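To start, the structure under review is shown below, and the notes come after it.
The values are calculated or read from the model by the stated rules, or taken from the named source; none is laboratory data. Quick caveat, the model's predicted, so the values are computed rather than measured. Cβ: placed from backbone, ideal geometry, glycine included. Neighbour counts: every protein chain shown.
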Amino acid sequence: MNEENRTTQRPAHTPSSGGTTPPADPARRAFLGGGAAALAAWGLGAFGGPAASAGAHGAADSGFDPFAVPEADGEYGLFELDYPYDALEDAIDAKTMELHHSIHTEGYRVGLNNALKELEAARSGDDFGKIQYWQNQLAFHGAGFMLHLVFFKNMAPAGTTRPGSSLRSLMRRHFGGLEEMKRHFSAAARTVEGSGWAILGYQPVGDRFIIMQAEKHQNHTQWGVFPVLAIDVWEHAYYLRYQNRRADYVDNFWKVVNWDNVEARALFARGTRPS
Ligand code: MN
């Protein structure tokens, strides 16, 4: 059992068949389905401003929606990958990809839905006796689900995308250049303690791109940051092929970065700001 889906101290979750699920309320449906509504919830307002529509891969032009995940009966569904499990062999083997997506990420999805359901039951029964436990579950599984969505969408088969001019320009402004950003990101990924992540994110306060390490994925955030590029460096993400050689995994990760997705996320994040 690896560190991520440690279940010994957590309740056993069974995937919902939908049969016992209460009907989705309109507000939740709108959140799950609507990028604009979700963006408003992040305090970013309506999307599609000058910066978003200016670039070649502008979010407004492409209809890019980083919040889109399948939804059934008001619950989060497991998003599909945009490529087969064996498509990233230049960096990550097919078996790791399969386990990571179908077992680990699915576990977060089930845990997140379960936490939401339990919190809804607490509200309707006005019984908050286990509030601390379920808020912890909501944070753990919710952070896991959201970060894996970013991570898997951040990747594509080697050689199929390259950094666009808008992203290069942003990276030059905030890091001195794309290569400087990559060196900083790789160093963060190589050295984050234990099971963690390196994350390139956009902080609307100050209109700034930053790189963060996350040791426990629900902690150590900087509120308001929108994740643009994330690498999972928990051991399950690379151990079958790389064992203890995390640095080799980090180096090879760059071969399979989906630069179109990274640029779209970066422009989407800045969508309401003038460039
Ligand atoms: Mn993972």
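Please go through segment 161-170 and give me each residue that is in a helix (DSSP H, G or I) and of a type in the set (Gly, Ala, Ser), ordered by number.
Once the filter is applied, which keeps residues that are in a helix (DSSP H, G or I) and of a type in the set (Gly, Ala, Ser), segment 161-170 yields Ser165, Ser166, Ser169.
Just give me the residues in segment 167-179 being more than 16 Å from Trp259 (Cβ to Cβ) and either of a type in the set (Phe, Trp, Tyr) or exposed (fewer than 14 other Cβ atoms within 10 Å of the Cβ) (or both), in sequence order.
The answer is Arg173, Gly176.
Tell me whether segment 148-160 contains one or more residues that are over 25 Å from His236 (Cα atoms), polar (S, T, N, Q) and not assigned by TED's automatic domain parsing to the domain that holds Tyr76.
Yes, there is a match, as at least one residue in segment 148-160 is over 25 Å from His236 (Cα atoms), polar (S, T, N, Q) and not assigned by TED's automatic domain parsing to the domain that holds Tyr76.
For segment 136-152, name all the residues that are among the aromatic types (Phe, Trp, Tyr) and near the ligand (Cβ under 10 Å from one of its atoms).
Phe151, Phe152
Does Asp61 meet the test of being touching a helix residue (DSSP H, G or I) at 6+ places or on another chain (Cβ under 8 Å), farther than 23 Å from Glu235 by Cα, at pLDDT below 95 and surrounded by 14 or more Cβ atoms within 10 Å (Cβ to Cβ)?
yes
Of the residues in segment 75-103, how many are closer than 13 Å to Leu240 by Cβ, in a loop (DSSP other than H, G, I, E, B) and touching a residue at least 40 places away in the same chain (Cβ under 8 Å)?
Of the residues in segment 75-103, 3 are closer than 13 Å to Leu240 by Cβ, in a loop (DSSP other than H, G, I, E, B) and touching a residue at least 40 places away in the same chain (Cβ under 8 Å).
Within segment 128-160, which residues are of a type in the set (Val, Ile, Thr), part of a helix (DSSP H, G or I) and over 25 Å from Pro70 (Cα atoms)?
If the condition is that a residue be of a type in the set (Val, Ile, Thr), part of a helix (DSSP H, G or I) and over 25 Å from Pro70 (Cα atoms), then Ile131 is the only one that fits.
Within segment 198-208, is there a residue that is over 19 Å from Phe268 (Cβ atoms) and buried (at least 22 other Cβ atoms within 10 Å of the Cβ)?
Within segment 198-208 (the criterion being over 19 Å from Phe268 (Cβ atoms) and buried (at least 22 other Cβ atoms within 10 Å of the Cβ)), the answer is yes, since at least one residue qualifies.
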